[in-house]
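Just below is one structure, and these are the notes that go with it.
The values are calculated or read from the model by the stated rules, or taken from the named source; none is laboratory data. Everything numeric in this text was worked out from a predicted model, so none of it was measured. Because the Cβ atoms are built from the backbone with ideal geometry, glycine has one as well, and the counts that use them run over all protein chains shown.
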Amino acid sequence: MTNGIVNKFPKDVLMYLILKLPIKSILRFKSISKSLYNLMQSSTFINLHLNHTTSTKDEIILFKRSIKEGHNEFRSIMSFLSSYHDNDDFYHVSPDLDVPHLTSTTSCIFHRFIGPCRGLILLTDKVETVLFNPATRNYRLLQPSPYDSPLGFHRSINGVAFGFDSISNDYKIIRLAEVRGEPPFYCYTVIQWRVEIYELSIDSWRDVNHGDLPLPYVHWYPCAELFYKGASHWFGNGRSIEMLAFDVSTETFRNIKMPHTCHSKDRKCYALVVLNEYLTLVCYPYPGCKIDPAIDFMEIWVMKEYGVIESWTNIHIIPPLVIESPLAVWRNHILFLQSISGHLISCDLNSHEVKELNLDGWPESLRVTIFTQGLTLISKEIQHNSTQLQ
């Protein structure tokens, strides 16, 4: 009977009506009839939902932290938060979830929490890689990279990225590997850069040799590996501090110069966020160093025209704060930070008011991303590795 009623509506009208619904209602509608299920599983509907007009009021805070449960054993928890009237009175919009697979000390402190990219989040500790859709709660444990270092060399993963290739219509995970000589040959001067690329549609890794490129040494920061304008971004240290961008579609590198105040001896760390749709650089004092209130300000720069170095503009100078790192920007004016002790902090970019929130975890384990819910499917070529979090 339900199928008969649904079939009376033209498909385009039905799509338009369903797109107006909250995502929880859309997910419930999938179980009403086979016709609705097929419609909402279609790439056409999923892309329309991804591209339909949203505002910051449609965004949700995805907050991940780890709790110690034993020696080198941690429980990682993911919370879904929002707030009323653009303030910092945060509330849970749905029950917390346990994060599977990432449970060691290394996993909870040095892991990546990258995204969102078209509704998907990547979590990885360089060994385990989990692709997750926060809206549907579906996730998939991906097969590990098969690449290792040859005898006499050490292979370290310095950068990780996750992005969407708009040309091949596929998601890619990128790992930037440095291959360096080690005992017994002591070839420390031999350095080779290689790029490992995973393509979701074929569930496969490939290794690309970029050894002839003079790439900078890539630094890891908790809030740095950002996919923006079709490219993944890292911070590098070559002849000067610079940003390294990797175009996910063409698989080519380019360097982006940072503001003139950034240099290798400025006692600063760096973070990348998106603020008012601009690529935004946050410069903050190195964690643990003694703060000099006269010089150790936090600076926020926006690149008003992407790729144009001269368009870097300093829009905020925030009084010195003792923090571990920035994490994300909420509704274009609340900057989330993690404290040295593992508490979540909010800083209002307009008033510079700083508050310690009633949300905490193991020091250095906090991660935040802001996402708009989407229906993106996670392909299930390896069925036993795909499941749903409860």
(request) Can you give me the number of residues within segment 239-273 that are outside any loop (DSSP other than H, G, I, E, B), surrounded by fewer than 17 Cβ atoms within 10 Å (Cβ to Cβ) and at pLDDT 95 or above? (result) 1
(request) Give the residues of segment 235-291 that are acidic (Asp, Glu), free of Cβ contacts under 8 Å to residues at least 40 places away in the same chain and within 21 Å of Tyr306 (Cα to Cα), sorted by residue number. (result) Glu242, Asp247, Glu277
(request) Confirm whether Gly307 is small (Gly, Ala, Ser), loosely packed, with under 15 Cβ neighbours inside 10 Å and closer than 25 Å to Pro214 by Cα. (result) yes
(request) Check off (1) within 20 Å of Ser325 (Cβ to Cβ); (2) surrounded by 12 or more Cβ atoms within 10 Å (Cβ to Cβ) for Asp292 and give me the number that stays unchecked. (result) (2)
(request) Would you tally the residues in segment 190-238 being out of contact with any Ser or Thr (no Cβ under 6 Å at 6 or more places or on another chain), modelled with pLDDT of 85 or more and assigned to a strand (DSSP E or B)? (result) 17
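Any residue in segment 23-32 that is farther than 30 Å from Val354 by Cβ, assigned to a loop (DSSP other than H, G, I, E, B) and modelled with pLDDT of 75 or more?
no
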(request) Check Ser76, Ser94 and return the single one that is at pLDDT 85 or above, part of a strand (DSSP E or B), assigned by TED's automatic domain parsing to the domain that holds Ile173 and more than 22 Å from Leu337 (Cα to Cα). (result) Ser94
(request) Could you pull out the residue among Pro319, Pro363, Pro285 that is at pLDDT below 95 and touching an Asp or Glu at 6+ places or on another chain (Cβ under 6 Å)? (result) Pro285
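Output yes when any residue across segment 102-114 is at pLDDT below 85, outside any helix (DSSP H, G or I), within 22 Å of Ala328 (Cα to Cα) and not aliphatic (A, V, I, L, M), and no when none is.
Scanning segment 102-114 turns up at least one residue that is at pLDDT below 85, outside any helix (DSSP H, G or I), within 22 Å of Ala328 (Cα to Cα) and not aliphatic (A, V, I, L, M).
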(message) What's the total number of residues in segment 133-153 that are touching a residue at least 60 places away in the same chain (Cβ under 8 Å) and either on the phi > 0 side of the Ramachandran plot or not small (Gly, Ala, Ser) (or both)?
(response) 11
(message) Among the residues of segment 115-155, what is the count of those that are part of a loop (DSSP other than H, G, I, E, B) and more than 19 Å from Val179 (Cα to Cα)?
(response) 10
(request) State the number of residues belonging to segment 43-73 that are surrounded by 17 or more Cβ atoms within 10 Å (Cβ to Cβ) and at pLDDT below 85. (result) 3
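Results for (1) at positive phi; (2) among the aromatic types (Phe, Trp, Tyr), shown as yes or no for each residue.
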residue	(1), (2)
Tyr270	no, yes
Thr280	no, no
Gly342	yes, no
Ile345	no, no
